[in-house]
């Protein structure tokens, strides 16, 4: 399926023309027509009269209880606040695996397209060519689980809460800062009019906002975490909460949207149980025993070595691989550049030479991984191996120091070792680079110009991360660098990550076919000091900010690809992480009574479309 690229925002010099056109309209608004869907560019793949998505079975059997097993803990059911943001119960909202079980967005994103949304709480959407506004008309049938209608006032309440800095997740506050005003239109319409900071992606971002019931929350206590079951409009209600251990969802028999095209063929279980496990080994043992039913496996060593238990051998558990059109994500050791030890780009570059991917891949993972190169590997968006085009050079011209010559020329590649775990050539390069940055090698230790040894801590969350980090630390020690690996429990890990209390940590970002505003939350200056943001490296680069602006204001596919590649070069040159690895496919183990459609969407398997075999004993 053809991706839909991001297109651009109106330039300031066009605003007088846009305003003139608006004022010329009898109703006071720019001409627009309501539609069933909104695509980033071009038209939605599904027509207005579509019956269901092609990757679901509209006649899927209903019933049974799905059991999921996850690693970690939870202590919060409010999905949008900063406090408890990293430990919100899975499934409540914006869950990339399990779906939106409790809260729902105005429009439903299709996993079969790069960035297209279809009507859900909002039955129609309209915007103008300049995307200077977006207006949603709520579905008159939309109801919360307590039977009360979803009103425009609930949308207004939600956005009011999202505007409070430091209370909700920073991306929501950032999006709404680009809205000039929000108005109720008629009985069921809500209109967002944008300011000159908005871009063409903003209507889609707002379409993806959850809608919280005004009557279900107290403004005075909104910022506090809660374990009291919350009210949403989604297909499930919270039936039972066992803090940190288990959350049980029960299907709402009166779910208002069960026959909508965007929902048909999904949410097929009567109940969903999500079990929490403190470590990966306990989680896997529980899966073997049938205590939960599907397990995504991202570790090729485990895929090859531990999935040989009796239930696999006799066919009760099925190992399955899925191809996906999604680019490789970002995964690596993130340098916290807020810390003085990692403030120097040359030091970060030297340390990156000392991760021996070839040894780790062969000895820990049976050679099952590919090395990540850049931030958009395995896609046309990647700059690696390509010299910068004239258009890229023009974008980057105001920032002459932002991209290193080898990256600009397309000559940069991640280092390749001899696989020994102690490649002398790379270690010598790293030592030379550190000495050029002011360090000396004395008494078996790497000493800085301030007389202090080069020392830092690598924060890990689980045994697998610890294993990778120990391999890295071993190589670092051979050139006199003291890297202490510290594994902490999940609650402490989330707290330290949220407050940027670490030197280095291992973290992933999912790949996307349509990078846009979310990049500000990962690599933008606006999020560098925002607690709870995903800017783990503390990046505050004017060049990166400008490239994100160029991405979100591009009006053609060519301009979009140009901007993303330029952005890729800026991040690679910044040496913000030591890149790790990725799988070229998805791997999922499932008990055989869990079934799925034959058609798999663009982004891979879609768990909300699975169902339970009614013939199961």
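Got a number for residues in the range 289-345 being free of Cβ contacts under 8 Å to residues at least 60 places away in the same chain and under 30 Å from residue 273 (Cβ atoms)?
Final tally of qualifying residues: 8.
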Hey, does the range 515-533 have a residue that's within 28 Å of residue 570 (Cα to Cα), crowded, with 17+ Cβ neighbours inside 10 Å and out of contact with any helix residue (DSSP H, G or I) (no Cβ under 8 Å at 6 or more places or on another chain)?
yes
Considering only residues of the range 590-600 that are surrounded by fewer than 21 Cβ atoms within 10 Å (Cβ to Cβ) and assigned to a loop (DSSP other than H, G, I, E, B), which is nearest to the chain's Cα centre (by Cα)?
600
Qualifying helices (runs of 4 or more DSSP H) (wholly inside the range 447-554; at least 3 residues being touching a strand residue (DSSP E or B) at 6+ places or on another chain (Cβ under 8 Å))
463-477, 490-498
Given the residues 94, 115, which is the only one that is assigned by TED's automatic domain parsing to the domain that holds residue 171, surrounded by fewer than 20 Cβ atoms within 10 Å (Cβ to Cβ) and within 21 Å of the chain's Cα centre (by Cα)?
94
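For the range 386-445, list the helices (runs of 4 or more DSSP H) that sit wholly inside it and hold at least 3 residues that are surrounded by 12 or more Cβ atoms within 10 Å (Cβ to Cβ) and touching a helix residue (DSSP H, G or I) at 6+ places or on another chain (Cβ under 6 Å); which are they? Reasoning before the result, please.
Values: elements: 390-396, 405-408, 424-436.
In the range 386-445, 390-396, 424-436 are the helices (runs of 4 or more DSSP H) which contain 3 or more residues that are surrounded by 12 or more Cβ atoms within 10 Å (Cβ to Cβ) and touching a helix residue (DSSP H, G or I) at 6+ places or on another chain (Cβ under 6 Å).
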In the range 142-182, how many are in contact with a helix residue (DSSP H, G or I) (Cβ under 9 Å, 6 or more places away or on another chain), farther than 29 Å from residue 533 by Cβ and part of a strand (DSSP E or B)?
0
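Among 219, 181, 191, 246, which is over 30 Å from residue 548 (Cα atoms) and in contact with a strand residue (DSSP E or B) (Cβ under 7 Å, 6 or more places away or on another chain)? Before you say what the answer is, go through the steps one by one.
On the way: 219 fails: in contact with a strand residue (DSSP E or B) (Cβ under 7 Å, 6 or more places away or on another chain); 181 fails: over 30 Å from residue 548 (Cα atoms); 191 fails: over 30 Å from residue 548 (Cα atoms).
Just one listed residue meets the conditions, 246.
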Condition check for residue 316: in contact with a helix residue (DSSP H, G or I) (Cβ under 9 Å, 6 or more places away or on another chain), on the phi < 0 side of the Ramachandran plot and surrounded by 13 or more Cβ atoms within 10 Å (Cβ to Cβ):
yes
When you scan the range 194-208, how many residues do you find that are in a loop (DSSP other than H, G, I, E, B) and in contact with a strand residue (DSSP E or B) (Cβ under 6 Å, 6 or more places away or on another chain)?
2
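Just to be sure before I move on: is residue 182 modelled with pLDDT of 95 or more, outside the structural domain of residue 116 (by TED's automatic domain parsing) and surrounded by 17 or more Cβ atoms within 10 Å (Cβ to Cβ) in the structure I sent? Give the steps one after another, and end with the answer.
On the way: modelled with pLDDT of 95 or more: yes; outside the structural domain of residue 116 (by TED's automatic domain parsing): no; surrounded by 17 or more Cβ atoms within 10 Å (Cβ to Cβ): yes.
So residue 182 does not fit the description; no.
Residue-wise test of (1) in the same structural domain as residue 90 (by TED's automatic domain parsing); (2) assigned to a helix (DSSP H, G or I); (3) surrounded by 15 or more Cβ atoms within 10 Å (Cβ to Cβ).
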residue	(1), (2), (3)
282	no, yes, no
285	no, yes, no
291	no, no, no
307	no, no, yes
312	no, yes, yes
320	no, no, no
Sole exception among (1) farther than 30 Å from residue 245 by Cβ; (2) under 25 Å from the mean Cα position of the chain (by Cα) for residue 450, by number
(2)
Count, please, the residues in the range 366-381 that happen to be at negative phi, surrounded by 20 or more Cβ atoms within 10 Å (Cβ to Cβ) and touching a helix residue (DSSP H, G or I) at 6+ places or on another chain (Cβ under 8 Å).
4
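I'm checking my understanding of the structure. Among residues of the range 325-359 that are outside any loop (DSSP other than H, G, I, E, B) and out of contact with any strand residue (DSSP E or B) (no Cβ under 8 Å at 6 or more places or on another chain), which one is farthest from residue 405 (Cα to Cα)? Break it down stepwise before answering.
Step one: of the range 325-359, the residues outside any loop (DSSP other than H, G, I, E, B) are 330-335, 340-342, 345-352, 357-359.
Filter once more, so that each one left must be out of contact with any strand residue (DSSP E or B) (no Cβ under 8 Å at 6 or more places or on another chain): 340, 345-347, 349-350, 358-359.
On the way: 340: 26, 345: 14, 346: 14, 347: 17, 349: 14, 350: 17, 358: 26, 359: 29 Å.
That would be 359.
Could you check how many residues of the range 211-228 are closer than 14 Å to residue 104 by Cβ, in contact with a helix residue (DSSP H, G or I) (Cβ under 7 Å, 6 or more places away or on another chain) and surrounded by fewer than 23 Cβ atoms within 10 Å (Cβ to Cβ)? Even if it seems obvious, please write down each step before you answer.
From the range 211-228, those closer than 14 Å to residue 104 by Cβ are 211-213, 216; that's our starting set.
Keeping just the survivors that are in contact with a helix residue (DSSP H, G or I) (Cβ under 7 Å, 6 or more places away or on another chain) gives 211-213.
Now drop any that are not surrounded by fewer than 23 Cβ atoms within 10 Å (Cβ to Cβ), which leaves 213.
Residues that pass the stated criteria total 1.
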Confirm whether residue 511 is under 28 Å from residue 457 (Cβ atoms), surrounded by 21 or more Cβ atoms within 10 Å (Cβ to Cβ) and either in contact (Cβ under 8 Å) with a residue 24 or more places away in the chain or not assigned by TED's automatic domain parsing to the domain that holds residue 310 (or both).
no
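Looking at the range 558-572, can you tell me whether even one residue there is outside the structural domain of residue 301 (by TED's automatic domain parsing), assigned to a loop (DSSP other than H, G, I, E, B) and either within 30 Å of residue 406 (Cβ to Cβ) or in contact with a strand residue (DSSP E or B) (Cβ under 9 Å, 6 or more places away or on another chain) (or both)? Even if it seems obvious, please write down each step before you answer.
Our first condition is that a residue be outside the structural domain of residue 301 (by TED's automatic domain parsing); within the range 558-572, this holds for 558-572.
Okay, now just the ones that are also assigned to a loop (DSSP other than H, G, I, E, B), so none.
No.
The values are calculated or read from the model by the stated rules, or taken from the named source; none is laboratory data. Keep in mind that what you see is a predicted model, and the values were worked out from it rather than measured. Ideal geometry is used to build each Cβ from the backbone, glycine not excepted, and the neighbour counts take in all protein chains shown.
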